[in-house]
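A quick write-up on the structure given underneath.
The values are calculated or read from the model by the stated rules, or taken from the named source; none is laboratory data. Please read all numbers here as calculations on a predicted model, not as lab measurements. Cβ sites come from the backbone with ideal geometry, for glycine too, and all protein chains shown count toward neighbours. Heads up: the accessible areas ignore ligands, DNA and RNA and are worked out on the full protein's heavy atoms, side chains in. Shrake-Rupley method; radii C 1.70, N 1.55, O 1.52, S 1.80 Å.
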Amino acid sequence: MNVEAGKPISIGICGLGTVGAGTLALLKDNADEIRMRLGSDLVVNRIATRTLEGKDLEGVANTSTDVFDVVNDESIDIVIEAIGGYDPALEVIKQALANKKHVVTANKALIAEHGNELFEIANQNKVVLAYESSVAGGIPIIKALREGLAANKINWLAGIINGTGNFIMTEMASKQRQFGDVLTEAQKLGYAEADPSFDVEGIDAAHKLTIMGSIAFGIPLQFDKTYTEGISQITPEDISYADELGYCIKHLGIARRSEKGIEMRVHPTLLSKSRLLANVNGVGNAILIHGNKVGATLYSGPGAGAEATASAVVADLIDLARHIQSGAQSSVYPALGYRDMHEQISVVDIEAIEAEYYLRIPAVDRVGVMAKISNILQEHDISIEAVIQKEAISETVPIIILTHSAEEKRLNQAIAAIEALDDVAGTINRIRVEPFHGEAE
Ligand code: NDP
Ligand code: HSE
């Protein structure tokens, strides 16, 4: 079908790596589809990236290595920041907004850590900072939370929100592959952050949870209050013991309204194998959101990679193009979901949360050790749900305990007391269990 195009929308791209190049390719591949939806072309008129050699820049009129060339080009309507990191990305966004250009970014680190300031600058300049691609790759989760579920009071959300981490955990569990080997593959596939410790140590997931939590609960972005634990301490033994108990281990981001405030935490989690989230594998992401009226809703799809992320970047471009076509002011376009961040709900300290726990205790193979451990748990008011005692590995015998719900502070005290026993040789590995009690999927 031939569609006569209206005035083209002029796009500038900063950074031509996985996301930038993926976006450029999608805009070319789906140009006809986009024109049909929008009635206009999205034309990339300028690209700036650190290294031009070896990049496919065909059809792009202006190229350079200075990203501020894009930001200061008067002909550009929308700037895509696909550089990543903080410097010069933060300045690029600030400058673009100050120059009254709409900005699309996939940079969750910047949104989570500098978003409060950046949205303010966008507001002052009556332009939009769009960030759909910053959370969960190709899944339109920002739209779902901010618009689709806007009628609900959000009770909780829980999700697998780092593709690299889920890819590593899946390959370790299903193919017994080594951690480092799978991480290298994730890097080659374009899933990992420039600094992969952001994926492995949970920082990337914490950035994403911070953003979702802010939208869900109408609180300011508070990355520094989000509890963060990565997957580097998870061993093949933990995966195998969890499996014996009917669980798998997933790296989850959980944000929940509780009587004490808002829980915001990212950590490895034991999930019953029958749960929907337990069956999300590879680079897949999935987020369950529980609204007080709709109940639980699930969103899943690819969480990283060039095409999935470009899908979300271009969705933002199309929204912004419609916004430009309508002549609307940015104040009608929601940034985080609440017009004012008015809810003064505090984020709960991790020691105050209540959870169930998996403990792997490296006990010395002696009579009476199990009784001593049970006594300590009892003294701290922690009851045991299940125990497995494994065969002795050299001097030690791993004891695996699943507890009922307990306050984390008490659990930490009990762990310290157990580790102090002569009968325990080393540190205890603790993984939280998420039963979703009374919160059916
Ligand atoms: P890449 O490292 O693949 O790409 C970054 C690009 O920016 C490269 O082309 C790089 O140049 C260029 N660049 C870096 N520094 C500068 C600079 N100072 N001046 C000009 N250009 C510069 O990263 P990704 O594309 O993977 O990620 C970009 C952003 O998107 C990050 O914020 C990331 O968190 C986010 N994201 C990534 C996803 C993914 O699946 N990869 C998914 C969702 C979000 P050069 O080519 O010379 O290295
Ligand atoms: N490194 C990120 C991940 C990219 O693996 O999920 C997508 O945000």
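For every residue, the table says whether it meets (1) under 27 Å from Ser10 (Cα atoms); (2) within 16 Å of ligand 2 (Cβ to nearest atom).
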position: Tyr131; (1), (2): yes, yes
position: Asn152; (1), (2): no, no
position: Asn155; (1), (2): no, no
position: Met169; (1), (2): no, yes
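Collect the residues in the stretch 106-123 that are within 11 Å of ligand 1 (Cβ to nearest atom) and assigned to a helix (DSSP H, G or I), keeping them in residue-number order.
Within the stretch 106-123, Lys108, Ala109, Leu110, Ile111, Ala112 meet the criteria.
Would you confirm whether any residue within the stretch 120-139 is under 24 Å from Glu307 (Cα atoms), in contact (Cβ under 8 Å) with a residue 60 or more places away in the chain and surrounded by fewer than 24 Cβ atoms within 10 Å (Cβ to Cβ)?
Yes - at least one qualifying residue is present in the stretch 120-139.
Which one is farthest from Val367 (Cα to Cα), of the residues in the stretch 408-420 that are touching a residue at least 40 places away in the same chain (Cβ under 8 Å) and crowded, with 19+ Cβ neighbours inside 10 Å?
Glu408
Which residue out of Ala136, Ala151 is in a loop (DSSP other than H, G, I, E, B) and away from ligand 1 (no atom under 15 Å from the Cβ)?
Ala151
Condition check ((1) touching an Asp or Glu at 6+ places or on another chain (Cβ under 8 Å); (2) open to solvent by 40 Å² or more (accessible area, probe 1.4 Å); (3) not in a helix (DSSP H, G or I)) across all residues:
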residue: Met370; (1), (2), (3): no, yes, no
residue: Asn375; (1), (2), (3): no, yes, no
residue: Asp381; (1), (2), (3): no, yes, yes
residue: Ile388; (1), (2), (3): yes, no, yes
residue: Asp422; (1), (2), (3): no, yes, yes
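For residues that are among the charged types (D, E, K, R) and either modelled with pLDDT under 95 or in a helix (DSSP H, G or I) (or both), scanning just the stretch 189-215, find the one that is farthest from Gly261 (Cα to Cα).
In this case the residue turns out to be Asp199.
Taking the condition of being open to solvent by less than 10 Å² (accessible area, probe 1.4 Å) and within 15 Å of ligand 1 (Cβ to nearest atom), how many residues in the stretch 209-225 meet it?
The qualifying residues number 4.
Only one residue in Ala286, Ala312, Ala306, Ala278 is among the hydrophobic types (A, V, I, L, M, F, W, C) and either open to solvent by 50 Å² or more (accessible area, probe 1.4 Å) or under 13 Å from the mean Cα position of the chain (by Cα) (or both). Which one?
Of Ala286, Ala312, Ala306, Ala278, the one residue that is among the hydrophobic types (A, V, I, L, M, F, W, C) and either open to solvent by 50 Å² or more (accessible area, probe 1.4 Å) or under 13 Å from the mean Cα position of the chain (by Cα) (or both) is Ala286.
What are the residues in the stretch 155-177 that are among the charged types (D, E, K, R), in a helix (DSSP H, G or I) and either over 18 Å from Gly303 (Cα atoms) or within 14 Å of ligand 1 (Cβ to nearest atom) (or both), if any?
The one that is among the charged types (D, E, K, R), in a helix (DSSP H, G or I) and either over 18 Å from Gly303 (Cα atoms) or within 14 Å of ligand 1 (Cβ to nearest atom) (or both): Lys175.
Answer with yes or no whether Ile231 is closer than 23 Å to Ala150 by Cα and of a type in the set (A, V, I, L, M).
Judged against the criteria, Ile231 is not a match.
So Glu201 clears everything in (1) under 30 Å from Ile361 (Cβ atoms); (2) touching a residue at least 40 places away in the same chain (Cβ under 8 Å); (3) surrounded by fewer than 20 Cβ atoms within 10 Å (Cβ to Cβ); (4) within 16 Å of ligand 2 (Cβ to nearest atom) except one condition, right? Which one?
It is condition (2) that Glu201 fails.
Tally the residues that are closer than 15 Å to Ala417 by Cβ and among the acidic types (Asp, Glu), restricting the search to the stretch 353-394.
Matching residues across the stretch 353-394 total 2.
Which residue out of Leu320, Leu270 is touching a helix residue (DSSP H, G or I) at 6+ places or on another chain (Cβ under 6 Å) and crowded, with 23+ Cβ neighbours inside 10 Å?
Just one listed residue meets the conditions, Leu270.
I'd like the full set of residues that are at pLDDT below 95, in a loop (DSSP other than H, G, I, E, B) and not charged (D, E, K, R), limited to the stretch 390-420.
Within the stretch 390-420, Ala392, Ser394 qualify.
What are the residues in the stretch 146-191 that are touching a Leu at 6+ places or on another chain (Cβ under 9 Å), under 21 Å from Leu277 (Cα atoms) and open to solvent by 10 Å² or more (accessible area, probe 1.4 Å), if any?
Correct list: Phe167 only.
Residues in the stretch 1-33 that are more than 28 Å from the chain's Cα centre (by Cα) and not charged (D, E, K, R): how many?
Residues that pass the stated criteria total 9.
Kindly indicate which of Glu33, Glu81, Glu58 is more than 20 Å from Ile318 (Cα to Cα) and either away from ligand 2 (no atom under 16 Å from the Cβ) or touching a helix residue (DSSP H, G or I) at 6+ places or on another chain (Cβ under 6 Å) (or both).
On inspection, the qualifying residue turns out to be Glu58.
Of the residues Thr164, Thr105, which is near ligand 2 (Cβ under 10 Å from one of its atoms) and touching a residue at least 12 places away in the same chain (Cβ under 8 Å)?
Only one candidate passes the filter, namely Thr164.
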